[in-house]
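These notes concern the structure reproduced below.
Bear in mind these aren't lab numbers, they're just calculated from the coordinates by the rules spelled out. For clarity, every value in this text was computed on a predicted model and none was experimentally measured. Cβ placement follows ideal geometry from the backbone for every residue including glycine, while neighbour counts extend to all protein chains displayed.
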């Protein structure tokens with residue numbers, strides 16, 4: 001009888017082993033989730049066309065990478081060339097983020113962005129290749145306080161580098177001519193559910209190392225007096241590279257207000273005001289440059305799959321420090337987003353830009369006061 005029970009036990013063990021062998025192995029995502037680590041990413045590709053070259057009249061010979069002096073827009077005029085209207089496919093971004101951010105204790109974030117947008121957002125000191133270490137920082141959280149140190153995204157502005165985080169395909173001028181990232185330390189203290197304070201010090205706008213030998217202060221106050229409204233006021237102050245090797249003082253203030261009118265409709269207003277000492281002005285003189293911008297957004301979730309978005313922007317660059325031309329720019333942008341599946345979103349965009357001077361370069365080499373563009377974007381997230 002004892003021998004019979006032993007045989008049954010062996011057969012049961014072998015059977016269990018067979019079933020275990022047939023069970024699917026855990027995925028990388030499951031393993032990371034079990035460790036408290038998240039891995040997310042996306043790919044952003046688009047086709048766009050314009051009725052101009054996509055350049056300003058002061059541009060150099062193309063092809064010109066987005067963000068380089070001479071482009072009339074950021075990101076969506078990659079490879080713009082004199083003598084022909086802009087059109088083409090663009091692999092904007094293929095990005096991933098690896099993060100562990102516990103509510104208490106030590107964590108960290110690594111965010112890499114590859115593609116044609118990478119050279120534009122690359123910080124001084126990391127080169128201008130088609131792969132950018134966009135964020136890399138260590139974090140420590142205890143109670144209401146969180147401190148991060150390393151390279152991280154700016155607090156200024158409504159729009160973000162990460163394409164899925166925006167409602168429009170094209171970026172506003174105030175995003176393109178504002179800061180992208182900072183390298184330094186940042187502390188966030190949540191006073192209560194209505195008030196948070198953020199303070200830090202860094203190497204300046206898009207600087208892995210401080211080229212001026214000084215530091216830039218970062219201070220932000222975030223208010224949420226009611227659940228449907230948020231107001232964030234952010235200031236950056238410090239020396240930035242200008243006409244002199246030691247740089248000149250830059251003061252950049254951004255005011256961002258968000259109103260969630262309903263569960264389907266929200267409004268956003270973003271205002272920026274900045275000055276730069278020791279700047280090379282459009283006249284060629286060295287002096288104090290001023291610029292300001294206002295972007296207004298409206299987003300409506302028409303159905304579970306369809307989202308309508310509108311943006312109006314005004315960018316006043318009277319000294320030509322940001323655009324290279326003393327001008328007052330305006331734009332109106334309409335996007336229709338369609339979520340084909342949980343992981344796939346399509347956006348169709350129409351945009352019209354105007355200027356108070358003939359600053360947009362036409363294919364025949366002359367300038368015009370306006371330009372119109374159309375684009376179709378696809379974003380795949382994982």
Fewest Cβ neighbours within 10 Å first, please rank 50, 174, 45, 228 accordingly.
228, 45, 50, 174
What does the extension gain come out to for residue 283 and residue 189, with contour length at 0.36 nm per residue minus their alpha carbon separation?
29.4 nm
Using a Gaussian network model on the chain with a 10 Å cutoff between Cα atoms, which of 288, 330, 264 fluctuates the most?
264
Helix 2-22 axis, angle to the chain major axis (alpha carbon atoms, nearest 10°):
10 degrees
Tail fraction, Cα-Cα pairs, region 65-165, threshold 23 Å, whole percent:
37 percent
Got a sec? How would 104, 159 order by Cβ neighbour count within 10 Å, fewest to most?
104, 159
Over its alpha-carbon atoms, region 183-326 yields an Rg and a Dmax in Å of 18.3, 54
Can you compute the FRET efficiency between residue 217 and residue 110 using 1/(1 + (r/R0)^6), with r the Cβ-Cβ distance and R0 = 35 Å? Round to the nearest 0.05.
0.85
What ratio of Cα Rg to 2.2 N^0.38 Å holds for region 109-198?
1.20
Hey, for a label at residue 84 modelled as a point 7 Å past Cα toward Cβ, could you say which residues of region 341-375 have their backbone N under 16 Å away?
362-365
Residue with peak Gaussian network fluctuation, the chain [Cα springs, cutoff 10 Å], from 372, 275, 142:
142
Using only DSSP helix segments of four residues or longer, with each worth -39500 (n - 2.57), what per-residue ellipticity at 222 nm results for the chain after dividing by its residue count and rounding to 500?
-2500 deg cm²/dmol
What is the gain in length, in nm to one decimal, between residue 35 and residue 199 on full extension, counting 0.36 nm per residue of separation less the C-alpha to C-alpha distance?
56.0 nm
Candidates 356, 193, 132: whichever shows maximal mean-square fluctuation once the chain is modelled as a Gaussian network with Cα springs under 10 Å
193
Using the number of other C-beta atoms within 10 angstrom as an exposure proxy, rank 236, 338 with the fewest first.
338, 236
Taking a ≥ b ≥ c as the square roots of the Cα gyration tensor eigenvalues, with a/c under 1.5 meaning rounded and otherwise prolate when a/b beats b/c, else oblate, which class fits the chain?
prolate
Could you give the length gained by full extension between residue 263 and residue 98, i.e. 0.36 nm per residue of separation minus their alpha carbon distance, to one decimal place?
56.4 nm
Debye intensity ratio in log₁₀ form over the Cα atoms of region 185-228, taken at each q of 0.26 Å⁻¹:
-0.85
Once both labels are modelled 7 Å past Cα along the beta-carbon direction, what's the residue 131-residue 380 spacing in nm?
1.9 nm
